[in-house]
Every structure is written in structure tokens, then in C-alpha cells.
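> Structure in C-alpha cells, see below.
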Amino acid sequence: MKSKTQGYVFVLLAITIFSLQDGISKHLASAYPPVFVTMIRYWAFAAFTVALACKMRGGLKQTARTKRPFLQVIRGLLLAAQVVVVINCFALIGLAHSQAIFSATPIVIALLSMPILGERVGWRRWTAIAAGLVGVLLILKPEGRFFDFKLLLAVFSCFLFAFYVIATRLVSRDDSAMTSFFYTGVVGGIGMTLIGPFYWTWMSGWDWGWMALVCMTSISSHYFLIRAYDMLDAAAVQPLTYLQLVYASIIGVVIYNERLSLSMIIGSVIVVAAGIFTMWREHVVARRSHPRPTSP
């Protein structure tokens, strides 16, 4: 019981820090190229993954050993590209509106898992997926006479992250979670280093401080999330991640003077409810397919 309580504390810490990181990233992306901001952030993330790998049993060499090198590289590049798109969304669309659309990611994952992973989806999850898509349409609903095409950037981010999650599920059949985490940081760091220097921009003194804080939050949030997954099942962790939408709305409204429309609020509630139900059903189906062995 104590271990589970600590796990939930770690989840809340990770989500809170991720949200602070998003708020700072929006500020930086409003003044500097998102690719450049992502590159600096990934340098810290990559250094953290290498340091963590060195402390694991077998060291760096054992952690870096993978049976799916091509897919691991694809994973790392997908997530790095998604982070760039996300930071662009914060600057162009706003924190609250972006997170509202991002909350549809579990729905997209469920849709893509059928053709790619061959997963079967029953009527319950189909109903949740349909409800989630209705919620997304409400979030995307134009407030004026014209549709804001910038919102499609957030939808694109959902698909990028969905492909990343599906690739992660595929490599998890052969590689450990630590190996996948290592490649996420290192491949992303290398990829951003190849592109980021072309967008190099000298920051003002205070903004270097904000950038340093982004790097610190990147390391600490991932650390707390790792600790949370050590103590809790993914089914217990995932629903809590929707708190990021609440945090983003608070930060967006209070600090950045963003406005929440009624259709966005209603759509977000529908999408979050559908997403939580979809994840719960996936967990139930997985447990039925792979029941835990009973003790003699």
C-alpha cells in the first residue's frame, strides 16, 4: 500500500513538472525557433538517459543492446519530431487548446492499433472511439466563420505520438523498457543535434535561465515517471496524465490570457472520458489474454 501511495505521488510530481515545462516552453517558443528549444532540451534528456544506463546492471553496453535497432531509431525520431510540433502548437494555438486536442491521443492509438498491431476492438471500445471523435470535432469547432487550420498541427502531433506508442509496443516484445528509454533520449538527441544548429539563436540572459529550467524539469519529470511505473501498472498511471489538460488550462488562462470556449470544454470532457474508458478496456482485454499465474 505504501509503495502504491508513493507511486501516485511520483505520477503527480511528474505531471505537475511536465505542465510547468510546457508553460515555459510556450514562452521560449514565442521568441525562439522551436527546433532550437527542443535541441537544448534533448541534450539534457540524452545526458540523463546515458547516465541512467551507466548505472543499470550490465552498464551502458548491456542497456544499448537491442534486437530491433531500426525500430528503436524510428521511435526516437518520431518522439523528437513530435516534441517540436508540440512546442510549435503551444506558441501558435495555446496551451489549453493544444492539450485539449492532445487528449485524443489514446483514441488515435486505438484506431491505429487495429491495422498495425492487428488488435481486435469490441463494440465497447468502438463506442468510446466514436464518442471521442465527436469530442474532437467539438474542440476543433470554428468559433467564427472560418476554420483555424493551425489546429490541424495539434492533430498531426496526436498521430506522431500514436505511431511512437505503437512502435514502443512493438519493440517491447524484444527489448527492455530501459533499452527503449535509452534510445528515446539518445536517438532524439542526435537527431536534434543534426538539425538544431541551423536554427541556433542567441538567447537573452533571462531566457537562458528559463532554458536551464526546462532542462531541469525534463530530467526530473522523466525520473519521477520512471519511478511511478516501477510501482504502478500503466493502467493506473495513464488516466492521471489527463491532469495535464487541467494544468494547461490554468496556466494558459492565468498567465497567457487564453480563453476557453464552451465547445472546447464540453469536447475535452467527452474526449477525456472516452480516452480513460478506452485505456481501461485495453487493460481488461490484456489481463484476459495474459492472466496472472495463481500461486500454488
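> Within segment 60-76, is even one residue closer than 30 Å to residue 270 by Cα, among the hydroxyl-bearing types (Ser, Thr, Tyr) and touching a residue at least 24 places away in the same chain (Cβ under 8 Å)? I'd like the intermediate steps shown before the answer.
Filtering segment 60-76 for residues closer than 30 Å to residue 270 by Cα gives 75.
In the following step, the residues that additionally are among the hydroxyl-bearing types (Ser, Thr, Tyr) were identified as none.
No; the residues of segment 60-76 include none that is closer than 30 Å to residue 270 by Cα, among the hydroxyl-bearing types (Ser, Thr, Tyr) and touching a residue at least 24 places away in the same chain (Cβ under 8 Å).
> Please determine whether any residue of segment 82-99 is farther than 30 Å from residue 142 by Cβ and out of contact with any His (no Cβ under 6 Å at 6 or more places or on another chain).
Let us first name the residues in segment 82-99 that are farther than 30 Å from residue 142 by Cβ, namely none.
No, the conditions are met nowhere in segment 82-99.
> Using the structure shown, decide if residue 180 is surrounded by 14 or more Cβ atoms within 10 Å (Cβ to Cβ), more than 30 Å from residue 61 (Cβ to Cβ) and polar (S, T, N, Q). Don't jump to the end; show me each part of the working.
On the way: surrounded by 14 or more Cβ atoms within 10 Å (Cβ to Cβ): yes; more than 30 Å from residue 61 (Cβ to Cβ): no; polar (S, T, N, Q): yes.
Against the criterion (surrounded by 14 or more Cβ atoms within 10 Å (Cβ to Cβ), more than 30 Å from residue 61 (Cβ to Cβ) and polar (S, T, N, Q)), residue 180 does not qualify.
> Now for a separate question. So if I check each of 15, 107, which one is touching a Leu at 6+ places or on another chain (Cβ under 6 Å), closer than 27 Å to residue 232 by Cβ and touching a residue at least 60 places away in the same chain (Cβ under 8 Å)? It would help to see each step written out before you state the result.
On the way: 107 fails: touching a Leu at 6+ places or on another chain (Cβ under 6 Å).
Going through 15, 107 in turn, the sole match is 15.
> Now, a different point. Give me the helices (runs of 4 or more DSSP H) completely within segment 15-94, filtered to those with at least 1 residues that are of a type in the set (Gly, Ala, Ser), surrounded by fewer than 18 Cβ atoms within 10 Å (Cβ to Cβ) and at pLDDT below 95, ordered by residue number. Even if it seems obvious, please write down each step before you answer.
Numbers: elements: 34-55, 59-64, 69-92.
In segment 15-94, the matching helices (runs of 4 or more DSSP H) lie at 34-55, 59-64.
> Let me ask something else. Tally the residues that are farther than 10 Å from residue 79 by Cβ and in contact (Cβ under 8 Å) with a residue 12 or more places away in the chain, restricting the search to segment 161-175.
From segment 161-175, those farther than 10 Å from residue 79 by Cβ are 162, 166, 169-175; that's our starting set.
Pick out the ones that are also in contact (Cβ under 8 Å) with a residue 12 or more places away in the chain and you get 162, 166, 169-171, 174-175.
Counting residues in segment 161-175 that are farther than 10 Å from residue 79 by Cβ and in contact (Cβ under 8 Å) with a residue 12 or more places away in the chain gives 7.
> Another one. Quick one: residue 41 ticks every box in (1) in contact (Cβ under 8 Å) with a residue 12 or more places away in the chain; (2) at positive phi except a single one, so which number is it?
For residue 41, the exception is condition (2).
> Right, here's the next one. Tell me, please, whether a residue that is modelled with pLDDT of 90 or more, part of a helix (DSSP H, G or I) and among the basic types (Lys, Arg) can be found in segment 122-144. Break it down stepwise before answering.
At the first step, the residues of segment 122-144 found to be modelled with pLDDT of 90 or more are none.
Checked against the condition, which is being modelled with pLDDT of 90 or more, part of a helix (DSSP H, G or I) and among the basic types (Lys, Arg), segment 122-144 yields no hits at all.
> Another one. Go through 206, 200 for me and flag whichever is modelled with pLDDT of 90 or more and not β-branched (Val, Ile, Thr). Please lay out each step first, then the result.
Working: 206 fails: modelled with pLDDT of 90 or more.
Answer to the check: 200.
The values are calculated or read from the model by the stated rules, or taken from the named source; none is laboratory data. For clarity, every value in this text was computed on a predicted model and none was experimentally measured. Virtual Cβ from ideal backbone geometry, glycine too; neighbours counted across all protein chains shown.
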